[in-house]
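Take a look at the structure below.
The values are calculated or read from the model by the stated rules, or taken from the named source; none is laboratory data. Small disclaimer: the values here were computed from a predicted structure and weren't measured. Cβ atoms come from the backbone with ideal geometry, glycine included; neighbour counts cover every protein chain shown.
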Amino acid sequence: MAAPEIPLGYEAKLLNRVEVADDTMSFHFEKPPGFEFRPGQSTDLTLVSPPETDSEGNVRTFSIASAPFEDQLMFTTRMRDTAFKRSLKTVPLGTSLKMEQAIGSFTLHNNSKKSAVLMAGGIGITPFFSIVKQADHERLLHRLYLFYSNRRPEDAPFLESLGKLEESNPNFRLIATMTEMHRSKRKWEGETGLIDKAMLSRYVNDLRGPIFYIAGPPRMVSEIRKMLLASSVNEDDIRADEFAGY
């Protein structure tokens, strides 16, 4: 039987899949020739002739969790019970998917004199993982603060890798916080509770100086935006990327 024809766009071959947190998987793809992106951008992935489908369809938009300097593309997602996610988890390695060109302006600002405060909720870490890795690779002069909120350490992808990046990049500070440690079986000595003004102020001297980036569930994005505006942060200095439905 002939292989299904790949529609116009890029053809990306699935190379590997790894569980990176509870109910969370990373999917590694071959980087198609000519595919370029900036850290923080996203792309549409389309399953071609999937084993099953449902009303949500065969296309999903994913932030690219890998960095441009890396030789593979990585997408990381919570594994909801949908036909798309089930198919992605079960199709044979080597299966080709359709990939569109990278899009989006949720990317690091150019002025390195202005620090960046990155605030991630759960799987909202994916664009920031790309940004922080590329900043380390290029030895960018931007001062980066990453506030990373999860319910438990078990739910937090890339926590160990981010810790290593903090060690290697003197301009990068990781502040991870957990909101439901009573449900965890792990030890935790970091911050607890939601990202709020008090937490930000413990690490960032002046909230009116940086550019703020927020990525996570819509409610979290909305609440943090309100908090920043109430703290006299200029609305032009707030950028957001909502992760709805995963």
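Kindly indicate whether any position in the stretch 98-113 is over 30 Å from residue 236 (Cβ atoms) and either touching a strand residue (DSSP E or B) at 6+ places or on another chain (Cβ under 7 Å) or aromatic (Phe, Trp, Tyr) (or both).
Here is the first cut: in the stretch 98-113, the ones over 30 Å from residue 236 (Cβ atoms) are 98-99.
In the following step, the residues that additionally are either touching a strand residue (DSSP E or B) at 6+ places or on another chain (Cβ under 7 Å) or aromatic (Phe, Trp, Tyr) (or both) were identified as 98-99.
Yes, some residue in the stretch 98-113 is over 30 Å from residue 236 (Cβ atoms) and either touching a strand residue (DSSP E or B) at 6+ places or on another chain (Cβ under 7 Å) or aromatic (Phe, Trp, Tyr) (or both).
Can you tell which of 180, 154, 167, 160 is touching a residue at least 40 places away in the same chain (Cβ under 8 Å) and of a type in the set (Asp, Glu)?
Details: 180 fails: touching a residue at least 40 places away in the same chain (Cβ under 8 Å); 167 fails: touching a residue at least 40 places away in the same chain (Cβ under 8 Å); 160 fails: touching a residue at least 40 places away in the same chain (Cβ under 8 Å).
Within the list 180, 154, 167, 160, the selection yields 154.
Listed here are the residues, each with its yes/no results for (1) assigned to a helix (DSSP H, G or I); (2) β-branched (Val, Ile, Thr); (3) at pLDDT below 95; (4) out of contact with any Cys (no Cβ under 9 Å at 6 or more places or on another chain).
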position: 44; (1), (2), (3), (4): no, no, no, yes
position: 54; (1), (2), (3), (4): no, no, yes, yes
position: 62; (1), (2), (3), (4): no, no, no, yes
position: 86; (1), (2), (3), (4): yes, no, yes, yes
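In the stretch 200-229, which residues are hydrophobic (A, V, I, L, M, F, W, C), touching a residue at least 12 places away in the same chain (Cβ under 8 Å) and more than 21 Å from residue 142 (Cβ to Cβ)?
In the first step, residues of the stretch 200-229 are kept if they are hydrophobic (A, V, I, L, M, F, W, C); the result is 200, 204, 207, 211-212, 214-215, 220-221, 224, 227-229.
Still in the running and touching a residue at least 12 places away in the same chain (Cβ under 8 Å): 200, 204, 207, 211-212, 214-215, 220-221, 224, 227-228.
Those that are hydrophobic (A, V, I, L, M, F, W, C), touching a residue at least 12 places away in the same chain (Cβ under 8 Å) and more than 21 Å from residue 142 (Cβ to Cβ): 220, 221, 227.
Residue-wise test of (1) in a helix (DSSP H, G or I); (2) under 25 Å from residue 153 (Cβ atoms); (3) assigned by TED's automatic domain parsing to the domain that holds residue 39.
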{"site": "185", "(1), (2), (3)": "no, yes, no"}
{"site": "194", "(1), (2), (3)": "no, yes, no"}
{"site": "201", "(1), (2), (3)": "yes, yes, no"}
{"site": "208", "(1), (2), (3)": "no, no, no"}
{"site": "214", "(1), (2), (3)": "no, yes, no"}
{"site": "220", "(1), (2), (3)": "yes, yes, no"}
{"site": "227", "(1), (2), (3)": "yes, yes, no"}
{"site": "232", "(1), (2), (3)": "no, no, no"}
Which one is surrounded by the most Cβ atoms within 10 Å (Cβ to Cβ) among residues in the stretch 201-246 that are in contact with a Ser or Thr (Cβ under 8 Å, 6 or more places away or on another chain) and more than 16 Å from residue 124 (Cβ to Cβ)? 210
Among the numbered conditions (1) assigned to a loop (DSSP other than H, G, I, E, B); (2) modelled with pLDDT of 95 or more, tell me where residue 48 comes up short. (2)
Residues in the stretch 40-47: is at least one touching a Lys or Arg at 6+ places or on another chain (Cβ under 6 Å) and closer than 25 Å to residue 116 by Cα? no
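Look through the stretch 96-123, keep the residues that are in contact with a Ser or Thr (Cβ under 9 Å, 6 or more places away or on another chain) and outside any strand (DSSP E or B), and return whichever of them is farthest from residue 145 (Cα to Cα). Give the derivation first.
So the first thing to find is which residues in the stretch 96-123 are in contact with a Ser or Thr (Cβ under 9 Å, 6 or more places away or on another chain), and the list is 97-104, 106, 119-123.
Narrowing further to those that are outside any strand (DSSP E or B): 100-102, 104, 106, 122-123.
Details: 100: 31, 101: 29, 102: 25, 104: 22, 106: 16, 122: 16, 123: 17 Å.
Checked the stretch 96-123; the qualifying residue farthest from residue 145 (Cα to Cα) is 100.
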Go through the stretch 74-116 and give me each residue that's touching a helix residue (DSSP H, G or I) at 6+ places or on another chain (Cβ under 7 Å) and crowded, with 17+ Cβ neighbours inside 10 Å. 76, 77, 78, 106, 108
Within the bounds of the stretch 147-161, is there any residue that is assigned to a helix (DSSP H, G or I), in contact with a Leu (Cβ under 8 Å, 6 or more places away or on another chain) and either surrounded by fewer than 22 Cβ atoms within 10 Å (Cβ to Cβ) or not aliphatic (A, V, I, L, M) (or both)? yes
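Give the residue, chosen from 140, 108, that is closer than 19 Å to residue 216 by Cβ and either among the hydrophobic types (A, V, I, L, M, F, W, C) or not assigned by TED's automatic domain parsing to the domain that holds residue 179 (or both).
Details: 140 fails: closer than 19 Å to residue 216 by Cβ.
Going through 140, 108 in turn, the sole match is 108.
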